[in-house]
Each structure stands twice: as C-alpha cells, then as structure tokens.
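The structure under discussion appears below in the form of structure tokens.
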Amino acid sequence: MKPADGMSRRGFLKTAAAGAAAVSVTPERARGSEANSALRLGMIGCGRRGTRVADAFVDATNTRMVALADLFDDQLQKARQHYAQKAEARGQAGPEHLFLGPRAFEELASCKDVDVVLISSPDYFHPEHLEAVVEAGKHVYCEKPAAVDVAGCKRFMALGEKTQGRLSLDVGFNVRHAAPFSEMVKRIHEGRMGTVTGGSTHYHARALHYPPRPGASALEKRIRNFYWDRVLSGDVIVDQNIHVIDITNWVLGAHPVKAAGTGGRRVRGDEGDIWDHFNLVFTYPEDVHVSFDSIQYGEHFADVGCRYFGDQGVGEAYYNGTARLFGEREWHEEFDGLHDCDTVKVRSFVESIRSGRFHNEAQAGATSALSAILGRTAAYAGDEVTWDQMLASAQSYEGMIDLREL
C-alpha cells in the first residue's frame, strides 16, 4: 500500500486554512448562538456502507463532511471527490482533512475540527476505533455490529459507560427506524396481539460480490473483501443477519438465554470462509422460542422478515415494506420498503446532540451483537450454548489481524 502523493505514511493531509478555531459540540453550543451552524462530520472507513450513512448525514441534516480516514488511498480519494462535489453544489468547502493508513483513525478522532465521527470501518476494528473517538470526546455513530467477539462487545459496553450523559453514541441498527418494523413493534408493545409466545425470523440474501484484486496482498484482499471473512465480519450472522436478531430483542425486551442450531458452507464459492446458511432456535426468558434461518448465496431470491405469535394475534414485518397484525385487532399497511430508515435514524442522532438529550446505545448494540455471537457459537459447535457459557468463554479475536503486514 503506497501513501498518496504528498502524504506521509502516517497519512496526514490538511488542506484547511491554518489556525481555524473549533470546539466540540456541547448542549450549550447547540442551543446558543451557533444553534444553526453545521455539525462537522468525520468518517472512519470510506466504503459503500459508510458512504451511504454519511450521505444521510449530509443530505438530511445540517452536517458537513470535513474529515475522512481510510486504510486505502483509492477509497479515500473516491470519498474526497464525492463529498467535494456535494459541498460544491451547496457553495461549501469540501473535506479539509484526509488521513491515510493504519493509524488514520486516531488522527481523525483527535482532529479538532471534527464534532461527530462516523465509524464504518470493517467490523473487527469497531471497539478499537470507538475507544479512540470516545477518548477524544467526540460524539459517535458506529455502524453495527459493536464487535465480532465476546471480548470486543464487553469493551464496547465499557466505553459506552464512559460516554453516559456527556456524549451521544448510536449503533447503526437502522432497521429499527424502518416504518414496517417500527410500526409493527409499536403495536406489539401496545398489547394488540397479547402476550408474545414465540416467533419465526429469517434473513435470506443474495450473494455478496467483490471485484478482482490483482496485485493485492493476502491481507489487503481480506480487508477489502471483509464481509467474506469470519474474523473481520464475525460471519454473516453477526454482520448482516444481526438486524432480525436485534428486532427480536427489541420485541421481547430481552436477550436470548440460550441457542441451538447448525449451519454450514455448501454453496458459496468465494475466497472467504464465512458460512452460507444458519438454522437456529433462540430461547428467550419465560421459555419463549424464536426460530431463525439464514442464507447468503445465489442470485435468484432475497427475503427478510420477522413474525411473532401472541395469544391474541400474530404480527409480522418484511423488508419489502409489508407489515400487519392478524387476530382480534387486525392491521395491514404497505410501506416503501426500508428507503428512509438511515435518514430517520441519523436525524434522531443529530437531534440528540443539538438538544443535549444524548443517546447511549452501547449496551443495546453490544447485547444484540452478543446475541448473534451466541447463535454463531452454537451453530459452529452444533450444540446448545447458553448465554452464561458464551460470556464465560471470554472469546477474543484480538491480534488476529496485524495491519503492519500491509
């Protein structure tokens, strides 16, 4: 990996005028004379998902992209150009700070011109990157999952405790803000289907594709293709399927106490090592059982949904926008898929900063990651695993990726 022209290996490039004064956004600032000024956003990890979330910030809130950080210069420059064009259309300056390389996340976190940081790096790095941002005293929106292992989730929760009451920390479970799911859960929590007795959930997805990487080292390929990698993504159940597991935790107001199941890699032929299917049953408190099955392969079918059974009805919601209740208090509505969920979530996050009513989603976000890890652990073992057994395992992937090899 080569540094950009004119950029050191540590990756600092500053194009803003020297000496620009800046302070972090406090409730006082947000409510005071600068209440209508733009929040200054920095993004760690300039890939597709990060760009999509950052676009929601820039397009739907009074936020300006000022700093970018990435391991790879081509991604960094692509993001710089993208946000420079957006800024130019508004008569604003483009990103003023670019940071390249393995320590770029630290440099962006400590940049005095940044108020809010979006962490959208590969999942494996989330706890480390979150720690840098929290220590720098910045508000943070971290893409899900919180971590890919038990130790990382515990670290994430501890960092959340440090931010309580002084910073906003959101985790990117945007599906909770998608109308089909939020409206279904609202009605379930109102008691419209009675007591939830069980559920059936699924995440059926098409294959994920990456372009060829001629000349790239083995480690660079792993990082650029991180969704395919067990260590970097936590497997498909932790990186992608976690959304429906998170919805179930939300519906039941609890995490699973145990899981049993199986899965494997039978169809997919990519260079990675993640599985292409999982089949599990999660047991929640009061002996509530929720089935879960996942696929990620092929090109012909995709469907994601959750169905919950109550003693007075059934509630369900799907990614295609369908949401309904059957039973004594029927309801049916068709929404426009998940199209606005990033915008709704980002607006809520920004409002929490400006109002001083700070969010703290560290506990819930890490708990949903641990719930997915519980399912993964049970499937890998082909046996039942309890929540307490998983926590006691102190599973850690730390040290399995060494960026000095890039």
Give all pairs with beta carbons closer than 7 Å in which a residue from region 372-397 that is more than 13 Å from Leu280 (Cβ to Cβ) meets a residue that is open to solvent by less than 50 Å² (accessible area, probe 1.4 Å) and of a type in the set (Phe, Trp, Tyr); count only pairs at least 6 apart in sequence or on separate chains.
Tyr397/Tyr124
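Considering region 308-328 alone, what residues qualify as being aromatic (Phe, Trp, Tyr) and touching a Pro at 6+ places or on another chain (Cβ under 9 Å)? Give the steps one after another, and end with the answer.
Here is the first cut: in region 308-328, the residues aromatic (Phe, Trp, Tyr) are 308-309, 318-319, 326.
Within region 308-328, Tyr318, Tyr319 meet the criteria.
Being over 19 Å from the mean Cα position of the chain (by Cα), at positive phi and open to solvent by 30 Å² or more (accessible area, probe 1.4 Å), is that true of even one residue in region 268-288? Walk me through how you get there before you give the answer.
Let us first name the residues in region 268-288 that are over 19 Å from the mean Cα position of the chain (by Cα), namely 268-273, 275-288.
Checking which are at positive phi leaves us with 286-287.
From the residues that got through so far, the ones that are open to solvent by 30 Å² or more (accessible area, probe 1.4 Å) too are 286-287.
Yes - at least one qualifying residue is present in region 268-288.
Suppose we filter Ala207, Ala216, Ala259, Ala254 for residues that are under 22 Å from Val150 (Cβ atoms), aliphatic (A, V, I, L, M) and surrounded by fewer than 18 Cβ atoms within 10 Å (Cβ to Cβ); which single one remains?
Details: Ala207 fails: under 22 Å from Val150 (Cβ atoms); Ala216 fails: under 22 Å from Val150 (Cβ atoms); Ala259 fails: surrounded by fewer than 18 Cβ atoms within 10 Å (Cβ to Cβ).
From the options Ala207, Ala216, Ala259, Ala254, the qualifying one is Ala254.
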Within region 70-107, restricting attention to residues that are in a helix (DSSP H, G or I), out of contact with any strand residue (DSSP E or B) (no Cβ under 8 Å at 6 or more places or on another chain) and small (Gly, Ala, Ser), which residue is nearest to Pro122 (Cα to Cα)?
Ala84
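Please work out which residue is surrounded by the fewest Cβ atoms within 10 Å (Cβ to Cβ), limiting yourself to region 219-235 and to residues that are more than 18 Å from Gly263 (Cβ to Cβ) and aliphatic (A, V, I, L, M).
Going residue by residue through region 219-235, those that are more than 18 Å from Gly263 (Cβ to Cβ) are 219-226, 232.
Within this subset, residues satisfying the condition of being aliphatic (A, V, I, L, M) are 219, 223, 232.
Working: Leu219: 15, Ile223: 20, Leu232: 24.
Here the answer is Leu219.
Test of understanding: among Ala366, Ala302, Ala372, which residue is surrounded by fewer than 24 Cβ atoms within 10 Å (Cβ to Cβ) and of a type in the set (A, V, I, L, M)?
Numbers: Ala366 fails: surrounded by fewer than 24 Cβ atoms within 10 Å (Cβ to Cβ); Ala372 fails: surrounded by fewer than 24 Cβ atoms within 10 Å (Cβ to Cβ).
Result: Ala302 is the single residue among Ala366, Ala302, Ala372 that is surrounded by fewer than 24 Cβ atoms within 10 Å (Cβ to Cβ) and of a type in the set (A, V, I, L, M).
Out of curiosity, is Phe358 among the aromatic types (Phe, Trp, Tyr), within 17 Å of Leu130 (Cβ to Cβ) and open to solvent by 10 Å² or more (accessible area, probe 1.4 Å)? Working first, answer last.
Working: among the aromatic types (Phe, Trp, Tyr): yes; within 17 Å of Leu130 (Cβ to Cβ): yes; open to solvent by 10 Å² or more (accessible area, probe 1.4 Å): yes.
Judged against the criteria, Phe358 is a match.
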Conditions (1) more than 24 Å from the chain's Cα centre (by Cα); (2) in a loop (DSSP other than H, G, I, E, B): number failed by Gly198
(2)
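Taking Glu128 as the residue in question, decide whether it is of a type outside the set (S, T, N, Q), surrounded by fewer than 19 Cβ atoms within 10 Å (Cβ to Cβ), free of Cβ contacts under 8 Å to residues at least 60 places away in the same chain and not in a loop (DSSP other than H, G, I, E, B). Working first, answer last.
On the way: of a type outside the set (S, T, N, Q): yes; surrounded by fewer than 19 Cβ atoms within 10 Å (Cβ to Cβ): yes; free of Cβ contacts under 8 Å to residues at least 60 places away in the same chain: yes; not in a loop (DSSP other than H, G, I, E, B): yes.
Against the criterion (of a type outside the set (S, T, N, Q), surrounded by fewer than 19 Cβ atoms within 10 Å (Cβ to Cβ), free of Cβ contacts under 8 Å to residues at least 60 places away in the same chain and not in a loop (DSSP other than H, G, I, E, B)), Glu128 qualifies.
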Looking at region 325-347, can you tell me whether even one residue there is farther than 30 Å from Asn62 by Cα, in a strand (DSSP E or B) and open to solvent by less than 10 Å² (accessible area, probe 1.4 Å)?
yes
Output for region 63-92, where each listed residue is within 22 Å of the chain's Cα centre (by Cα) and among the polar types (S, T, N, Q):
Thr63, Gln75
Of (1) closer than 30 Å to Ile237 by Cα; (2) not in a strand (DSSP E or B), Gly42 satisfies all except one. Which?
(2)
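I'd like to verify a number: residues in region 348-372 that are assigned to a helix (DSSP H, G or I), in contact with a Leu (Cβ under 6 Å, 6 or more places away or on another chain) and not hydrophobic (A, V, I, L, M, F, W, C), how many?
Step one: list which residues in region 348-372 are assigned to a helix (DSSP H, G or I), which gives 348-355, 362-372.
Subsequent filtering for residues that are in contact with a Leu (Cβ under 6 Å, 6 or more places away or on another chain) retains 362.
Adding the requirement that they be not hydrophobic (A, V, I, L, M, F, W, C) leaves none.
Total meeting the criteria: 0.
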Pairs needed: first member in region 240-256, under 20 Å from Arg187 (Cα atoms) and among the aromatic types (Phe, Trp, Tyr); second member anywhere, open to solvent by 30 Å² or more (accessible area, probe 1.4 Å) and outside any loop (DSSP other than H, G, I, E, B); C-beta distance under 8 Å; at least 6 residues apart or different chains.
Trp250/Arg176
Take Arg155 and decide whether it is more than 15 Å from the chain's Cα centre (by Cα), buried (at least 20 other Cβ atoms within 10 Å of the Cβ), charged (D, E, K, R) and farther than 23 Å from Cys111 by Cα.
yes
List the pairs whose first member sits in region 302-316 and is within 24 Å of Ala205 (Cα to Cα), whose second member is open to solvent by 30 Å² or more (accessible area, probe 1.4 Å) and at pLDDT below 95, and whose Cβ atoms are under 6 Å apart, counting only residues at least 6 apart or on separate chains?
none
If you take the residues in region 246-278 that are touching a helix residue (DSSP H, G or I) at 6+ places or on another chain (Cβ under 8 Å) and assigned to a strand (DSSP E or B), which one is farthest from Asp383 (Cα to Cα)?
Phe278
Across region 175-184, which residue is nearest to Asn320 (Cα to Cα) among those that are touching a helix residue (DSSP H, G or I) at 6+ places or on another chain (Cβ under 9 Å) and surrounded by fewer than 23 Cβ atoms within 10 Å (Cβ to Cβ)?
Ala179
Got a number for residues in region 84-117 being closer than 28 Å to Leu406 by Cα and surrounded by 18 or more Cβ atoms within 10 Å (Cβ to Cβ)?
16
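The values are calculated or read from the model by the stated rules, or taken from the named source; none is laboratory data. Keep in mind it's a predicted model, so treat the numbers as computed, not measured. No Cβ is skipped: glycine too gets one built from the backbone with ideal geometry, and neighbour counts run over all protein chains shown. Accessible surface is based on the protein model in full, side chains and every heavy atom, while ligands, DNA and RNA are left aside. Shrake-Rupley method; radii C 1.70, N 1.55, O 1.52, S 1.80 Å.
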